[in-house]
Amino acid sequence: APVSGPLIVTSAFGYRVYPITGGWFMHNGVDLRSACGNPQYSSASGTVSAVRGAVGNGTHGNQVLINNGTIGGNRYITVYNHLSSFAVSAGQSVSAGQVIGYTGATGKVTGCHVHFEIWKNGVPVDPMGIIR
């Protein structure tokens, strides 16, 4: 899981009213409760495919993308947004549970939290159906 302790969803996967603009948009991940500066962990092993800074990265803020490879015949990528700082760099191999960065409020957000996505074969899926 991307954070330690219980996974408390503050905004679920799916269409929602975006709190910044009030518009109706698809939320491609889940928002999980986490205090500013808490470590965030890779939910699965893989290779860091991108580390993107907040500037020019839309609403995502500081972002880490990890290519988790093929698992059970499906390709997975995990995405972590709004980090305050990074603990990995592009091209680096990571293990499940390794610290990849720290919870923040970069991008367009209302406060510190973890935004976590899982892409299965190129399509976003509800992470809560996969992680525990």
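The values are calculated or read from the model by the stated rules, or taken from the named source; none is laboratory data. Note that the structure is predicted; figures quoted are calculated from it, not measured. In this analysis, Cβ positions are derived from the backbone assuming ideal geometry, glycine residues included, and neighbour counts consider all displayed protein chains. With ligands, DNA and RNA removed, areas are computed over all heavy atoms of the protein, side chains included. Shrake-Rupley method; radii C 1.70, N 1.55, O 1.52, S 1.80 Å.
Structure notes:
- Among the residues of the stretch 31-82, the ones that are under 17 Å from Ile131 (Cβ atoms), of a type outside the set (S, T, N, Q) and in contact with a His (Cβ under 6 Å, 6 or more places away or on another chain) come to 1 in all.
- Remark: pairs (first residue in the stretch 23-35, within 21 Å of Trp119 (Cβ to Cβ); second residue among the acidic types (Asp, Glu); Cβ separation under 6 Å; 6+ apart in sequence or on different chains) = Asn28/Glu117; Gly29/Glu117.
- Inspection of the stretch 57-70 identifies no residue that is hydrophobic (A, V, I, L, M, F, W, C) and open to solvent by 60 Å² or more (accessible area, probe 1.4 Å).
- Residue match in the stretch 19-33 (condition: hydroxyl-bearing (Ser, Thr, Tyr) and open to solvent by 70 Å² or more (accessible area, probe 1.4 Å)): yes
- Only a single criterion out of (1) within 21 Å of Val94 (Cα to Cα); (2) of a type outside the set (A, V, I, L, M); (3) within 14 Å of the chain's Cα centre (by Cα) is not satisfied by Gly37, namely (3).
- So His113, is it open to solvent by less than 50 Å² (accessible area, probe 1.4 Å), out of contact with any helix residue (DSSP H, G or I) (no Cβ under 8 Å at 6 or more places or on another chain) and under 15 Å from Ala1 (Cα atoms): yes
- Residues satisfying the criterion are absent from the stretch 90-102 (criterion: over 18 Å from Ser45 (Cα atoms) and open to solvent by less than 60 Å² (accessible area, probe 1.4 Å)).
- Those strands (runs of 3 or more DSSP E) of the stretch 22-116 in which at least 1 residues are aliphatic (A, V, I, L, M) and within 21 Å of Pro127 (Cα to Cα), considering only elements entirely within it, cover 24-27, 30-32, 46-52, 62-71, 74-83, 99-102.
- All of (1) among the hydroxyl-bearing types (Ser, Thr, Tyr); (2) touching a residue at least 60 places away in the same chain (Cβ under 8 Å); (3) more than 15 Å from Val3 (Cα to Cα) hold for Ser43 with one exception: (3).
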